[in-house]
């Protein structure tokens with residue numbers, strides 16, 4: 001039985017999932033919230049982006065279940081005694097995750113140095129003996145294409161056949177899921193399968209099934225292609241130390257999710273409390289809070305974060321016995337770095353919330369609540385905060401995107417995550433020297449860029465729909481044109 005290890009960031013992610021589950025339960029039981037989220041579910045771009053985000057979240061969760069494998073018992077020399085020797089359980093000093101177990105092949109397929117995507121030979125030449133003569137040539141990879149006896153003649157056909165099989169399997173999975181959706185719709189509506197398929201394709205349901213299925217088809221084709229080739233090749237090549245680049249990118253997803261989510265959640269409470277308090281109470285409270293975040297904003301953020309990170313690193317170096325493995329040490333630094341990014345980055349959101357609260361405090365319904373004797377806390381909770389939700393959502397998502405990118409800057413100056421922790425920032429930082437090579441090593445930077453683009457863009461598209469749905473002004477004046485039976489738009493309230 002392995003020894004499960006619960007890291008600080010694992011606890012934080014589990015706590016976030018628990019809070020999210022409780023909120024979904026509350027939203028489902030609240031008619032207004034349920035109707036608001038139904039509006040989000042009708043946005044095709046938001047639902048497709050949400051599907052991609054769920055895929056990233058699944059990778060992060062698989063990489064958040066850590067354990068230390070149980071080592072096999074050591075052999076015991078027979079001493080001639082009848083009493084059996086009981087050995088204590090010994091565990092490996094290497095902490096693994098479920099993602100490491102699922103991707104054991106790419107994790108252990110380490111080459112000597114660089115290799116291009118789907119290559120069978122090393123990227124750089126080396127001196128080697130061939131028929132007793134020293135020549136310089138590209139050596140064969142240890143794992144990439146090792147099943148080929150003659151790569152020069154077999155590689156193209158092998159890659160083509162495996163690609164076709166992988167794409168076909170992905171298309172089959174997508175078709176089966178689409179058929180399942182058709183059967184569910186036919187059973188719910190009582191119509192035939194053909195009518196149910198036509199209804200789903202024309203958008204006759206609350207969910208944009210056609211857009212979701214097309215997105216699912218694209219994901220299934222991509223995953224099928226990778227699954228067909230990855231056991232035999234390095235799909236995105238290898239880095240300078242021979243590690244599989246695609247595996248490193250998947251391992252970096254958890255770091256990006258942890259930094260973006262934890263730092264954002266650390267920012268929001270401080271910004272909401274200080275911003276609303278400054279705009280609502282005004283006077284000395286406003287002056288004190290303004291002075292505080294003005295001083296904080298005057299300090300260069302990189303220097304402030306660097307100072308905190310270096311203090312943390314000194315503490316970690318002086319207390320090495322607090323951590324059993326290097327992963328636990330790096331995770332503590334990641335957790336504290338996320339907290340520091342949140343604590344030092346709330347000033348801009350607080351300033352925005354203060355300005356909006358000053359405007360909302362002068363509106364008629366807020367003045368009427370004061371006249372009826374509603375408490376200050378009740379006014380802020382019932383009238384101020386709901387009208388600021390859309391601002392908090394959009395700024396939080398922008399901060400999430402910025403924090404994912406900001407980690408690359410911190411890694412560049414050497415105050416980011418631990419060097420043993422996989423992250424997009426470390427991959428991009430390592431690509432600085434690779435881009436100056438001739439020929440250029442482009443695949444590491446490209447892989448990190450594509451993963452970061454997919455994560456940040458998906459979050460931005462999803463948050464745009466959430467912001468529009470939760471904006472009270474947009475919800476009040478939103479008018480949807482009705483559809484006549486022939487599909488022509490008519491004015492609301494007019495019979496077609």
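The values are calculated or read from the model by the stated rules, or taken from the named source; none is laboratory data. Just so we're clear, the structure is a prediction, and the values are computed from it rather than from any experiment. Because the Cβ atoms are built from the backbone with ideal geometry, glycine has one as well, and the counts that use them run over all protein chains shown.
Annotations for the structure displayed:
- Residue check for residue 384: surrounded by 13 or more Cβ atoms within 10 Å (Cβ to Cβ) and at pLDDT below 85: no
- Screening region 89-134 for residues that are surrounded by 14 or more Cβ atoms within 10 Å (Cβ to Cβ) and part of a strand (DSSP E or B) and picking the one that is modelled with the lowest pLDDT gives 91.
- In this structure, residue 58 qualifies as surrounded by fewer than 16 Cβ atoms within 10 Å (Cβ to Cβ), at pLDDT 90 or above and closer than 15 Å to residue 219 by Cβ.
- Residue that is within 28 Å of residue 335 (Cβ to Cβ), touching a residue at least 40 places away in the same chain (Cβ under 8 Å) and more than 28 Å from the chain's Cα centre (by Cα), where the choices are 310, 304, 270, 296: 296
- So residue 385, is it more than 20 Å from the chain's Cα centre (by Cα) and either assigned by TED's automatic domain parsing to the domain that holds residue 277 or at positive phi (or both): yes
- Complete set of residues in region 360-377 that are exposed (fewer than 12 other Cβ atoms within 10 Å of the Cβ) and under 38 Å from the mean Cα position of the chain (by Cα): 377
- Considered as a group, the residues in region 307-337 that are more than 20 Å from residue 5 (Cα to Cα) and either out of contact with any helix residue (DSSP H, G or I) (no Cβ under 8 Å at 6 or more places or on another chain) or modelled with pLDDT of 85 or more (or both) include one that is surrounded by the most Cβ atoms within 10 Å (Cβ to Cβ), and that residue is 337.
Rundown of residues vs (1) in the same structural domain as residue 225 (by TED's automatic domain parsing); (2) farther than 19 Å from residue 237 by Cα; (3) in contact with a strand residue (DSSP E or B) (Cβ under 9 Å, 6 or more places away or on another chain); (4) without any contact (Cβ under 8 Å) to a residue 24 or more places away in the chain, yes/no style:
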residue: 119; (1), (2), (3), (4): no, no, yes, no
residue: 129; (1), (2), (3), (4): no, yes, yes, yes
residue: 133; (1), (2), (3), (4): no, yes, no, yes
residue: 151; (1), (2), (3), (4): yes, no, yes, no
residue: 156; (1), (2), (3), (4): yes, no, no, yes
residue: 163; (1), (2), (3), (4): yes, no, no, no
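Listed here are the residues, each with its yes/no results for (1) outside any helix (DSSP H, G or I); (2) touching a strand residue (DSSP E or B) at 6+ places or on another chain (Cβ under 6 Å); (3) touching a residue at least 40 places away in the same chain (Cβ under 8 Å); (4) closer than 30 Å to residue 115 by Cα.
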| site | (1), (2), (3), (4) |
| --- | --- |
| 184 | no, no, no, no |
| 188 | no, no, no, no |
| 196 | no, no, no, no |
| 199 | no, no, no, no |
| 204 | yes, no, no, no |
| 226 | no, no, yes, yes |
| 235 | yes, no, yes, yes |
| 248 | no, no, yes, yes |
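- Looking across region 1-15 at every residue that is in contact with a helix residue (DSSP H, G or I) (Cβ under 6 Å, 6 or more places away or on another chain) and assigned to a helix (DSSP H, G or I), the one that is farthest from residue 95 (Cα to Cα) is identified as 12.
- Complete set of residues in region 135-149 that are closer than 12 Å to residue 121 by Cα and either in contact with a helix residue (DSSP H, G or I) (Cβ under 6 Å, 6 or more places away or on another chain) or part of a loop (DSSP other than H, G, I, E, B) (or both): 138, 139, 141, 142, 143, 144, 145, 146, 148
- Some residue of region 456-463 being modelled with pLDDT under 70 and either assigned by TED's automatic domain parsing to the domain that holds residue 300 or within 22 Å of residue 258 (Cβ to Cβ) (or both): no
- Meets criteria (within 30 Å of residue 453 (Cβ to Cβ), modelled with pLDDT under 80 and part of a helix (DSSP H, G or I)) for residue 258: no
- Residue match in region 438-449 (condition: at positive phi and modelled with pLDDT under 85): no
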